[in-house]
């Protein structure tokens, strides 16, 4: 049953979360609990875990698209919920790591340094852009407005996949410089 009112009901939440999530991440990213005097150990074990979660997100997205192309809506739905859950878990771990650890500076030189920063900047920008796209895509599926869901999913999928894959690439490129 299609419910376009459900879409409208969630629009305020989509806008609120699309603005609040990046702002909260930026604010929390600038908070270093150790420098504030809290006796916390750096969560230095988290980067490979949240990079792996990004990789898992990419795999889930690909399999979710294959599932829907094969007509398996239930599997598609489960895989997409898992991808959203992975993204939320990534975000929590990413913020926790940066609240307890100093930022790592990339130590590469030459062309590789420019490639790294290009990938990093596009990853960051698109990770903000993807928030409302995922939320809109999800709500349209929830509202069973599948024609509109499919239309925006064709935009959401490649951007989300890029963000997930480049998250892994950024980690692999900077990991030799972790202290």
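Read-outs: derived from the displayed coordinates by stated rules, not from any lab. Everything quoted here is computed from the prediction, not taken from an experiment. All Cβ positions, even for glycine, are placed from backbone atoms using ideal geometry, and neighbour counts span all protein chains on display.
Each peptide in 72-79, 156-163 gets a packing score, the mean of other Cβ atoms within 10 Å over its residues, and the list from highest to lowest is 156-163, 72-79.
So how far, in whole Å, is the C-alpha centre of segment 117-147 from the one of segment 43-63? Centre-to-centre distance over Cα atoms comes out at 17 Å.
Against the longest alpha carbon principal axis of the chain, how many degrees, from 0 to 90 and to the nearest 10, is the axis of helix 73-100 turned? Tilt relative to the chain: about 20 degrees.
So what does log10 I(q)/I(0) come out to for the chain at q = 0.08, 0.20 Å⁻¹, using the Debye formula with one equal point on every Cα and no solvent? Once normalised to I(0) and log-transformed, intensities are -0.29, -1.39. Short-range pairs are left out: with C-alpha atoms under 8 Å and at least six residues apart, the relative contact order of segment 4-177 is 33 percent. Relative intensity of segment 128-179 on a log10 scale, I(q)/I(0) at q = 0.20, 0.31, 0.32 Å⁻¹, equals -0.68, -1.08, -1.11, per a Debye sum over C-alpha point scatterers of equal strength in the absence of solvent.
Against the chain, whose longest principal axis is taken from its Cα atoms, helix 4-29 shows a tilt of about 0°. Modelled spin labels at residue 70 and residue 105, positioned 7 Å past Cα toward Cβ, are 4.9 nm from each other. Extension gain for residue 128-residue 52 works out to 25.4 nm (0.36 nm per residue, less the C-alpha to C-alpha distance). Given a Förster radius of 22 Å and the C-beta distance between residue 12 and residue 155 as r, what FRET efficiency does 1/(1 + (r/R0)^6) yield to the nearest 0.05? Once the sixth-power term is evaluated, E becomes 0.50.
Taking Rh as the Kirkwood radius, which is the inverse of the mean 1/r over Cα pairs, what is the Rg/Rh value for segment 81-179?
Details: Rg = 16.0 Å, Rh = 15.1 Å.
Rounded to two decimals, Rg over Rh is 1.06.
Helix 146-174 and the longest principal axis of the Cα set of the chain meet at an angle near 20°.
Once both labels are positioned 7 Å from their Cα atoms along Cα-to-Cβ, the gap between residue 113 and residue 27 label points is 3.5 nm.
FRET efficiency for residue 62 and residue 96, Cβ-Cβ distance as r, R0 = 25 Å, nearest 0.05? Could the numbers behind the result be given before it?
Values: r = 27 Å, r/R0 = 1.10.
Approximately 0.35, to the nearest 0.05.
Which order do the peptides 57-67, 16-26 take when ranked by the mean count of other beta-carbon atoms within 10 Å per residue, highest first?
On the way: 57-67: 18.8, 16-26: 13.6.
Top of the packing list down: 57-67, 16-26.
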